[in-house]
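Written out below as structure tokens is the structure these notes cover.
Every read-out reported here was derived from the displayed coordinates using simple, explicitly stated rules and does not represent laboratory data. These figures come from a predicted structure and were not determined experimentally. Counting neighbours? That spans all protein chains shown, and the Cβs are built from the backbone with ideal geometry, glycine included.
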Amino acid sequence: MSFTVAIDGPAAAGKGTIGRAVAARFGFEYLDTGLLYRAVGRAVLEGSLPEEAARALTVEDLRRDGLRTSEVGAAASKVAAVPAVRAALLDFQKAFARRSGGAVLDGRDIGTVICPEAEVKLFVTASDEVRAARRWKELSEAGEEIGVEEVLADLRARDERDAERSDAPMTAAGDALMLDTTVLSIEEAVARATGHVERVLGGRSSQ
């Protein structure tokens, strides 16, 4: 059985936490598609051309250390705006999404471009300030010295690039369940997400 859960939203809204929880609850495979762009962004920082790096990407590249730094994150947002890069990574994501046994993917354009046929679509968001505080904590705990105001400025710049790019801009699918983690705890958001998946799965099994 193939069953796809597509999760979209801006950085540090909680997509990954919710995605991993949903995957664990239902035994689905999980893919943080942002890692694809982070891996390409890192390769570009090391001297590769964006499209060449995207075409040469392997699963092993997604396991490299240092993909979560703010520098790599900024590079990832820039290469994600390159149409040739997005095209090169499209097949990888589509194949993962329809794998047997179910899949959860999170990113910016999963429910709108990568998997418009996904059985479940979620859009996870939060206020800029809440997201910046979360990302700053994550980076600080990883040993990166950066101020919360710098993190906030970087997130807002990424949001603008992601929302305004001509190719696959970040936007909520019309049939996506909205989860705002500014007001919802992560436990509440996970509960709403898993409950929604359960209802859809139940509807499929009764057909």
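Exposure proxy shown here: for LEU179, LEU35, the number of other Cβ atoms within 10 Å sets the order, fewest to most, as LEU35, LEU179. The overall shape of segment 1-96, judged from the alpha-carbon gyration tensor, is prolate: a/c is not under 1.5, and a/b is greater than b/c. Candidates ALA39, PHE26, ALA54 compared by Cα position along the dipole of segment 16-81: farthest toward the positive end lies PHE26, with charges placed on Cβ. Each label point is 7 Å from the Cα along the Cα-to-Cβ direction; what then is the distance between the points at ARG199 and ARG99, in nm? Modelled inter-label distance: 2.9 nm.
If the viscosity is 0.692 mPa s and the temperature 37 °C, what translational diffusion coefficient in µm²/s does Stokes-Einstein give for segment 4-200 when Rh comes from Kirkwood over Cα pairs?
Working: Rh = 16.8 Å.
So the translational diffusion coefficient is about 195 µm²/s.
Potential lengthening of the chain between GLU117 and GLU71 amounts to 13.2 nm, from the contour at 0.36 nm per residue minus the alpha-carbon distance.
Just add up the charged neighbours of GLY147: K/R +1, D/E -1, any other residue whose Cβ is under 13 Å from the Cβ of GLY147. It would help to have the intermediate numbers written out before the result.
On the way: positive: ARG135, LYS137; negative: GLU144, GLU145, GLU149, GLU150, ASP154.
Taking every other residue near GLY147 into account, the sum is -3.
Only the Cβ atoms of Lys and Arg (+1) and of Asp and Glu (-1) were treated as charged; on that basis the dipole of segment 4-200 about its Cα centre amounts to roughly 500 debye.
About its Cα centre, the dipole of segment 140-198 is roughly 260 debye, where the only charges are +1 on Lys and Arg Cβ and -1 on Asp and Glu Cβ.
Determine, for SER77, SER2, SER70, the number of other Cβ atoms within 10 Å of each Cβ, and report the residues in order from fewest to most. Mind showing how you got there, number by number?
Working: SER77 24, SER2 12, SER70 18.
The fewest-first ordering by Cβ neighbours comes to SER2, SER70, SER77.
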